[in-house]
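Readers should treat all values here as calculations from the given coordinates under stated rules, not as data from a laboratory. Because the structure is predicted, anything quoted here is derived from the model rather than measured. Reconstructed Cβ throughout: ideal geometry from the backbone, glycine too, with neighbour counts over all protein chains shown.
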Amino acid sequence: MNIEEVLDLLDELLDKAWSFPLSGGRCVVDADRVREYIDDIRINLPGEVRQAKAIVRDRAEIIDTAHKEADAVIRKAEERAKTILAKEEIVTKAREKASEIISQTQMQAREMRSAAQTFSDDVLRSAEEVMQKSLSELRATRQAIRGRKPARPPIPREE
């Protein structure tokens with residue numbers, strides 16, 4: 001059971017609770033059941049935190065791989081350019097070709113870095129939104145359990 005499901009069960013428990021008349025929304029709930037749901041949330045929360053950490057780690061690995069690949073391609077292009085330069089007849093063509101290869105490699109490296117950063121940012125933003133929503137719902141539920149009127153959960157910002 002994930003956090004969303006547990007929060008839904010907790011919300012359902014509150015909906016079915018007995019309300020005291022003239023008490024400002026206070027009600028009777030099964031404390032043991034609420035504790036079970038809170039324990040379920042605690043059990044599931046670390047999994048989502050681990051998932052977010054894995055996403056960050058994957059992002060770093062993707063960027064590191066892109067850097068290594070770009071460096072290897074640049075090194076290969078430089079070696080190739082040096083070999084070509086050794087031959088006097090095609091020195092001019094070799095310089096042009098090496099410059100072109102380096103330029104293309106740098107462009108590809110920038111594109112790969114940009115794509116990796118965009119992907120990582122999208123995944124992290126999505127994880128952040130899920131976690132913010134879960135936290136907001138958890139706070140509202142806690143307030144309801146304490147007998148206060150729950151505040152409206154904040155509307156997540158999209159960047």
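Brief remarks follow.
- Sorted fewest first by neighbouring Cβ atoms within 10 angstrom, E4, E137, E88 come out as E88, E4, E137.
- When the chain is treated as a Gaussian network with alpha carbon springs shorter than 10 Å, the biggest mean-square fluctuation among R113, R33, R59 belongs to R33.
- Computed over all pairs of different Cα atoms, the Kirkwood value for the hydrodynamic radius of the chain is 20.5 Å.
- Here the relative contact order of the chain, from alpha carbon pairs under 8 Å that lie six or more residues apart, stands at 26 percent.
- Taking the square roots of five times each eigenvalue of the Cα gyration tensor of the range 1-87, the equivalent ellipsoid has semi-axes of 63, 11, 7 Å, listed largest first.
- Cα-based helix-to-principal-axis angle, 91-146 vs the chain, degrees rounded to 10: 0 degrees
- Overall, the ratio between the Cα radius of gyration of the range 77-123 and 2.2 N^0.38 Å, rounded to two decimals, is 1.66.
- Listed by chain and number, the aspartates and glutamates whose C-alpha is less than 16 Å from the C-alpha of K53, apart from same-chain residues fewer than 8 away, are E61, D121, D122, E128, E129.
- Percentage, to the nearest whole number, of Cα pairs in the range 66-144 over 22 Å apart: 54 percent
- Potential extension, A72-D30 segment - 0.36 nm per residue separation minus Cα distance: 8.8 nm
- Among I55, I101, I41: highest mean-square fluctuation, GNM of the chain, C-alpha pairs under 10 Å: I101
- Cα-based helix-to-principal-axis angle, 3-15 vs the chain, degrees rounded to 10: 20 degrees
- When D40, D11, D71 are arranged by Cβ crowding within 10 Å, least crowded first, meaning fewest neighbours, the order is D71, D11, D40.
- Largest mean-square fluctuation among A54, A86, A116, in a Gaussian network model of the chain whose springs join Cα atoms under 10 Å apart, belongs to A86.
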